Amino acid sequence: MIFEVIVDISNSEVDRVFDYLGDESISVGSRVFVPFGNRKIEGFIIGQKEQTDFDKSKLKRIISKIDDFTAVSEEMLQLMRFMAEHLHIRLIDALRLFIPSQMRGGKVTELKKKVVTINRSVPIAEMLCKINKTAKQQKALLEYLNEKDFDDYTFLANNFGGGAVKKVAEKGFIEIKEVKKARIPYQNLSSKQNCFVHTQEQQNAIDTIKNDSNNTFLLFGVTGSGKTEIYMSVIDYYLSQNKTAIMLVPEISLTPNMLKLFRSRYGEQVAILHSGLSAGERFDEWLRLKRGEAKIALGARSAVFAPLENIGVIIIDEEHDSSYQSESNPRYATWEIAEFRRKYNSAKLVLGSATPKIETFYKAQKGEIKLIELKNRINKRPLPEVEIVDMVKELRGGNKSFLSDKLYDELKLTIKQGNQAILFLNRRGFSSFVMCTKCGYTAKCTDCDVSLSYHADENLLKCHYCGKRFRMFDLCPECKSPFIRQGKIGTERVVNELQKLFPNTGILRMDVDTTQNKEAHGKIIEAFENHEAQILVGTQMVAKGHDFKDVTLVGILDADQSLHFEDYRATERTFQLITQVSGRCGRDVKSGKVVLQTYSPKHIVLQLASRQDYLSFYKKEVNIREVTGFPPFATILRILYLSENEQNIISTLNAQFAKVQELKKTNGEIVFATKMKAPVKRIEKKYRYQIIIKVQNEISDELLKQIFEISDEREYKDVSVFVEKNPQNLT
Ligand code: ADP
Ligand code: ZN
Ligand code: ZN
């Protein structure tokens, strides 16, 4: 038989399908070893056929199968083709997303364990008789196994001696067998098994998802409305129908709560896929899903590729979160993959959020997806009261600190009452930049076109784009002046200042810098949960999904920060962030309060966010999008060019731009096209240029294909070109 094989050569541009000969034992979707040149390499079988265009006598034979299972299902092979076409990626790049990376190259294998079992065909008394009287260990071993039936070889060898185990085995009284043993992460995680009576709203949501003829739902529910319980009840239902489920969360390491709930409710039926696991754990969790031993895949973005069959429901929690769109290659949007799998499996897709994406809500309004609303928090707990503080007024009144008088007073009160506070500031480090007040010199990264941030604890300047570190200076490197000004305050400095104001209060910080270590997130969250600190300061990491019972105060230190980006999503992001952070307080019996500090207190987005009035925000925003022509009324395409050689970029850019303009003349879909330097002109030594194309409504497959073709034609190998559809980030 002839098989079509994609060879898996890392760092290679080879993406061709090769024909090989093989026998019936090999199935499509398997991984195999094949001869390639004079090497033996791994490959994926993606098809099978009778005829070949090559000389059949010259075809080489597949050497052997790698796994004892079919690594890639028929569904995933179709998904591979879909992704290659819609994202313009190589087949191998899609395949690589479908299996754990450590599996390639045989870097992990299944963990095997030796187990000893007693032979029940011989009565125990007879066995004991036949053992030498002096062999006390052998007797003890048999008596032990008579009680327990079987146990771990290592344990027995440690306790009774390896020799004893061997001797008894030789007599045929016990059997030593190798069994596969999965490494299951977080096995001991548990939380209170809550047994809730569903609220009317929850029950209605569950019934609608199960019974409605629609297949995609927007679960639009305020923070604390009990969405997790709905997800789990829906999953319960599909498990009872012998189906499987995928549960996606924005960043799993940030949501230990969800992890605990799922582990305690589903035990080993849930497999957790996230980057914090060891290679072995990740592989085993994947394999348990593959083999059908686990039926629920819980994880971040990439869990959408979980090797499950017969999927009943796919859930995307916090569907608005930007992490669902991959910003490095392959640049896929999780919801598009989920939609493909939903269709293939005739499953349901549930998108949950308190602040849905404008595009999603628009679809719900048009009836393309079914809207389910949860208007109330559990037990009708009120949403926190939000107070807007005008920082211009504070400044005029002589308060130059980052804390308004109001927030200071509220913090003091919260601490006194023994409650907890979260302070949110989306800026890491000590200060956003350092600048000489005499000559205006600002420290910049040598590889990127961005200012360096100061990190006082390490006394370093760090580039937040490439991570490069530089020594901090006392005197200006240009003019030797000692007067250096600090830029905007970052989380590190906030903690510093708070410690001076509240010397006896525990303060924790959660941001990229304090969570370098994989377990750090969990530890900070646990410490805060255990009241080891009363204040938690952090970047958007503190906004996500946490459910702390005693948090009664949330301070948003700089609400304007994300508002003024030159990005059509800036207002949407700001609204979402404020709502999400505010939602972290007053979740239990104690009511919550939010203090929102801003320099533009009248800004309509802040006003609406302070009232958590999503619907009004949506109406306003969707109107602006329609008038200005942005998604969902248009598609924004960006062709991004990167290279260390600026001349090569410019000539590629110009050549391709000419073709885009040519295309525009005949294609009615394109509204406009423009070329420019990217807002961040250089990252990691590479210059960045872009073409922005605006297309009416949803782009057609045909136009997308034409653009891909244009992006493929390039003269210089060192210029990388990426086409992005509605990118999350236009920097
Ligand atoms: P959301 O995801 O909508 O922000 P959660 O799912 O975190 O909300 O639920 C908020 C809180 O309400 C959680 O502590 C949860 O345990 C609790 N909860 C959920 N459903 C019920 C219910 N039916 N009765 C009582 N408490 C509930
Ligand atoms: Zn200077
Ligand atoms: Zn840099």
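The values are calculated or read from the model by the stated rules, or taken from the named source; none is laboratory data. None of the values given here were measured: they were computed from a predicted structure. Every residue, glycine as well, gets a Cβ built from its backbone with ideal geometry; the counts of neighbours run over all protein chains shown. Surface accessibility is based on the protein's heavy atoms, side chains included, excluding ligands, DNA and RNA. Shrake-Rupley method; radii C 1.70, N 1.55, O 1.52, S 1.80 Å.
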Options Leu501, Leu536: the member that is open to solvent by 40 Å² or more (accessible area, probe 1.4 Å) and of a type in the set (A, V, I, L, M): Leu501
Take the residues of the stretch 272-293 that are under 15 Å from Gln102 (Cβ atoms), open to solvent by 20 Å² or more (accessible area, probe 1.4 Å) and charged (D, E, K, R): which is farthest from the chain's Cα centre (by Cα)? Lys290
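Go through Gln200, Gln269, Gln241 for me and flag whichever is open to solvent by 10 Å² or more (accessible area, probe 1.4 Å), without any contact (Cβ under 8 Å) to a residue 24 or more places away in the chain and either of a type in the set (Asp, Glu) or more than 16 Å from ligand 3 (Cβ to nearest atom) (or both). It would help to see each step written out before you state the result.
Working: Gln269 fails: without any contact (Cβ under 8 Å) to a residue 24 or more places away in the chain; Gln241 fails: without any contact (Cβ under 8 Å) to a residue 24 or more places away in the chain.
The match here is Gln200.
Looking at the stretch 372-454, what strands (runs of 3 or more DSSP E) fall wholly within it and have at least 3 residues that are closer than 30 Å to Glu684 by Cα? It would help to see each step written out before you state the result.
Numbers: elements: 385-390, 420-424, 434-436.
Strands (runs of 3 or more DSSP E) meeting the threshold: 434-436.
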Answer yes or no: is there a residue in the stretch 595-606 that is at pLDDT 90 or above and either under 25 Å from Lys380 (Cβ atoms) or within 23 Å of the chain's Cα centre (by Cα) (or both). yes
Could you list, in sequence order, all residues of the stretch 294-341 that are open to solvent by less than 20 Å² (accessible area, probe 1.4 Å), in a helix (DSSP H, G or I) and either free of Cβ contacts under 8 Å to residues at least 12 places away in the same chain or not small (Gly, Ala, Ser) (or both)? Val304, Phe305, Tyr324, Thr334, Ile337, Arg341
Only one of Thr437, Thr446 is of a type in the set (S, T, N, Q), farther than 29 Å from Gly586 by Cβ and within 16 Å of ligand 2 (Cβ to nearest atom); which? Thr437
For the stretch 455-486, which residues satisfy the criterion of being part of a loop (DSSP other than H, G, I, E, B), surrounded by 15 or more Cβ atoms within 10 Å (Cβ to Cβ) and among the aliphatic types (A, V, I, L, M)? Ala456, Met472
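Being within 18 Å of Leu423 (Cβ to Cβ) and open to solvent by less than 20 Å² (accessible area, probe 1.4 Å) is the filter here, so list the residues in the stretch 506-523 that pass it. Explain how you work it out, then say what you get.
Step one: list which residues in the stretch 506-523 are within 18 Å of Leu423 (Cβ to Cβ), which gives 506-515, 521.
If the condition is that a residue be within 18 Å of Leu423 (Cβ to Cβ) and open to solvent by less than 20 Å² (accessible area, probe 1.4 Å), then Met510, Asp511, Thr515 are the ones that fit.
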Quick check: is even one residue across the stretch 378-391 within 16 Å of ligand 2 (Cβ to nearest atom) and polar (S, T, N, Q)? no
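So if I check each of Ser328, Ser302, which one is farther than 17 Å from Pro256 by Cα, of a type outside the set (Lys, Arg) and within 11 Å of the chain's Cα centre (by Cα)?
Working: Ser328 fails: within 11 Å of the chain's Cα centre (by Cα).
After ruling out the rest, the residue left standing is Ser302.
Does at least one position in the stretch 430-439 carry a residue that is in contact with an Asp or Glu (Cβ under 7 Å, 6 or more places away or on another chain), within 16 Å of ligand 3 (Cβ to nearest atom) and within 30 Å of Asn504 (Cα to Cα)? Let's see the steps before the verdict.
Looking only at the stretch 430-439, we keep the residues that are in contact with an Asp or Glu (Cβ under 7 Å, 6 or more places away or on another chain), and these are 430, 436, 439.
Those still in the list that are within 16 Å of ligand 3 (Cβ to nearest atom) too: none.
Within the stretch 430-439, not a single residue is in contact with an Asp or Glu (Cβ under 7 Å, 6 or more places away or on another chain), within 16 Å of ligand 3 (Cβ to nearest atom) and within 30 Å of Asn504 (Cα to Cα).
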Any idea which of Lys148, Lys107, Lys130 is closer than 30 Å to Asp67 by Cα, at pLDDT below 90 and open to solvent by 70 Å² or more (accessible area, probe 1.4 Å)? Lys107
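Consider Gln48 carefully, then state whether it is part of a strand (DSSP E or B), in contact with a Phe, Trp or Tyr (Cβ under 8 Å, 6 or more places away or on another chain) and open to solvent by 40 Å² or more (accessible area, probe 1.4 Å). Please lay out each step first, then the result.
Details: part of a strand (DSSP E or B): yes; in contact with a Phe, Trp or Tyr (Cβ under 8 Å, 6 or more places away or on another chain): yes; open to solvent by 40 Å² or more (accessible area, probe 1.4 Å): yes.
Considered against the rule, which asks whether it is part of a strand (DSSP E or B), in contact with a Phe, Trp or Tyr (Cβ under 8 Å, 6 or more places away or on another chain) and open to solvent by 40 Å² or more (accessible area, probe 1.4 Å), Gln48 comes out as yes.
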